[in-house]
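The values are calculated or read from the model by the stated rules, or taken from the named source; none is laboratory data. Just so we're clear, the structure is a prediction, and the values are computed from it rather than from any experiment. Note that each Cβ is placed from the backbone with ideal geometry, even for glycine, and that neighbours are counted across all protein chains shown.
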Amino acid sequence: MKTLTRSIAALLVLSAPLLAQAPNMAGQWQGVLQAGKDLRIVVVITSADGLKATMYSIDQTPQGIPANTITVQGTTLRMSFGGIGVRFEGTVSADGNSVAGTFTQGNNPLPMTLARANTDTAWKIPEPPKAMAADAKAVFEVATVKPSNPAAQGKLMTIKGRQVLTINTALSDLISFSYGLHLRQVIGGPSWMESDKYDITGQPEGQGMPNVNQMRDMIRALLEDRFKLTTHRETRELSAYALVVTPGGPKMTKNDSNPNGLPGLLFRGLGVLPATNATMGDFAGVMQLAVLDRPVIDKTGLQGRYDFTLTWTPDETQFVFRDSRLPSVVTVNYTGESRPLSVERKKFIQKYALSYFRNSGYANLYAAEYLFKAGAEDYWLPVQQDVAKYFPEDLKKGDVVDLYLIVPGGLRSNKDKTVWLFLVEQYQQPLK
């Protein structure tokens, strides 16, 4: 009996290390991410109601991004932020005051070490800008409208501080956005409505940062004043998409960090849309404005704001550019020929990545360009390395392939002509 007791006691002692307590991660953690330029990253972890984390890139925005998941297993910390496609995994130091790991966004891993901050070392998280009063008059105090640079590509509508900005937007874009309509719901208008592009900078009469609805009101007023737009509404039958909740319920992360803040909805390529602080109405509006061939109606009934990343393979009805120079999907023949990416093109992609993604590492996804043929025309196109690695097993010389492209802009040639650059992010062989 004594022998049995000693055996049990020894077993308990040997098992004790297996029950070692996980490190206490609650608090503010911070580190510098070297992504072309240094970005200060702050992660606030709480443990009162289970582990939760919110990440801030304080040199870019005061908007916090809640983590979809955060786990600590032994000394390994893992966090994912689905709204911006970010993952972090690192090892907690023996003293529990630092985490050395890898920050990954998309296919771009970067080293980053987070240090536990105290009251003396903690970086200040910027306060969200003061919101414009809900009852303020939503009109511009001053606004400039000027033609866009003919070489400019893409389009942007955003708010920076108090300023409302649109870049490379046609009258049809401004009408669709400000009235919340798909282009199929706009009938009539001048012949130049889709071809002439404008840059708009406006500052509202009211103080504070306007919200999206106030931005819509201001642009509507500007269209009536500067473009002399007059409208009337009619009822007609038109097919549409309905955004609904599946039986399994929503899988998105609720974001309550800034209910009056702006949504973040910027494409990272065809079929990749990270969303932060977005309502379902915001999401439906972007899909009907930029992606789909008919109106989108929010039938989810979901309230509040969410973070998520939507990824899908676009079909031929989506991302249809009105400018024939900017195809979203092209059908070409694969030749099997490739060459290293030129320094000039690499620098151009890096510049594009910094201005659009705020991350020069995106350019590292491209190392070579491949020759494709369409009829008698040759096209040398940069292809992402993670995509091109499947060419040898999927394709043989002469195969027909659909390429999904993004268009960062045009390069000036020696003869001062613009040569458009297309980047290949996905491909598939057409169905037979």
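Residue 362: crowded, with 18+ Cβ neighbours inside 10 Å, assigned by TED's automatic domain parsing to the domain that holds residue 404, farther than 22 Å from residue 257 by Cα and at pLDDT 85 or above, yes or no? No: the conditions fail for residue 362.
Among the residues of region 92-100, is any among the charged types (D, E, K, R) and surrounded by fewer than 16 Cβ atoms within 10 Å (Cβ to Cβ)? Let's see the steps before the verdict.
So in region 92-100, the residues among the charged types (D, E, K, R) come out as 95.
Narrowing further to those that are surrounded by fewer than 16 Cβ atoms within 10 Å (Cβ to Cβ): 95.
Yes, some residue in region 92-100 is among the charged types (D, E, K, R) and surrounded by fewer than 16 Cβ atoms within 10 Å (Cβ to Cβ).
Report whether or not residue 264 is within 29 Å of residue 139 (Cβ to Cβ) and either crowded, with 17+ Cβ neighbours inside 10 Å or touching a strand residue (DSSP E or B) at 6+ places or on another chain (Cβ under 8 Å) (or both). It is true that residue 264 is within 29 Å of residue 139 (Cβ to Cβ) and either crowded, with 17+ Cβ neighbours inside 10 Å or touching a strand residue (DSSP E or B) at 6+ places or on another chain (Cβ under 8 Å) (or both).
The residues on offer are 190, 210, 204, and the sole one that is more than 23 Å from residue 284 (Cβ to Cβ) and touching a Pro at 6+ places or on another chain (Cβ under 7 Å) is 204. Among residues of region 269-291 that are closer than 15 Å to residue 252 by Cα, those with a beta-carbon under 7 Å from a residue that is in a helix (DSSP H, G or I) at least six positions away or on a different chain give the pairs 274/83; 274/84; 275/83; 275/283; 276/83; 276/84; 282/212.
Does region 242-249 contain any residue that is part of a loop (DSSP other than H, G, I, E, B), hydroxyl-bearing (Ser, Thr, Tyr), over 21 Å from the mean Cα position of the chain (by Cα) and not assigned by TED's automatic domain parsing to the domain that holds residue 170?
Here is the first cut: in region 242-249, the residues part of a loop (DSSP other than H, G, I, E, B) are 244-249.
Right, trim to hydroxyl-bearing (Ser, Thr, Tyr) and you get 246.
From what's left, over 21 Å from the mean Cα position of the chain (by Cα): 246.
Now drop any that are not not assigned by TED's automatic domain parsing to the domain that holds residue 170, which leaves 246.
The answer is yes, given that some residue of region 242-249 is part of a loop (DSSP other than H, G, I, E, B), hydroxyl-bearing (Ser, Thr, Tyr), over 21 Å from the mean Cα position of the chain (by Cα) and not assigned by TED's automatic domain parsing to the domain that holds residue 170.
Contact annotation: residue pairs with Cβ atoms under 6 Å, 6 or more positions apart or on different chains, pairing a residue in region 175-187 that is without any contact (Cβ under 8 Å) to a residue 40 or more places away in the chain and more than 19 Å from residue 139 (Cβ to Cβ) with a partner that is in a helix (DSSP H, G or I) and polar (S, T, N, Q), are 183/172; 183/176.
Please work out if residue 369 is under 18 Å from residue 337 (Cβ atoms), modelled with pLDDT of 65 or more and touching a strand residue (DSSP E or B) at 6+ places or on another chain (Cβ under 6 Å).
Working: under 18 Å from residue 337 (Cβ atoms): yes; modelled with pLDDT of 65 or more: yes; touching a strand residue (DSSP E or B) at 6+ places or on another chain (Cβ under 6 Å): yes.
So residue 369 passes the test.
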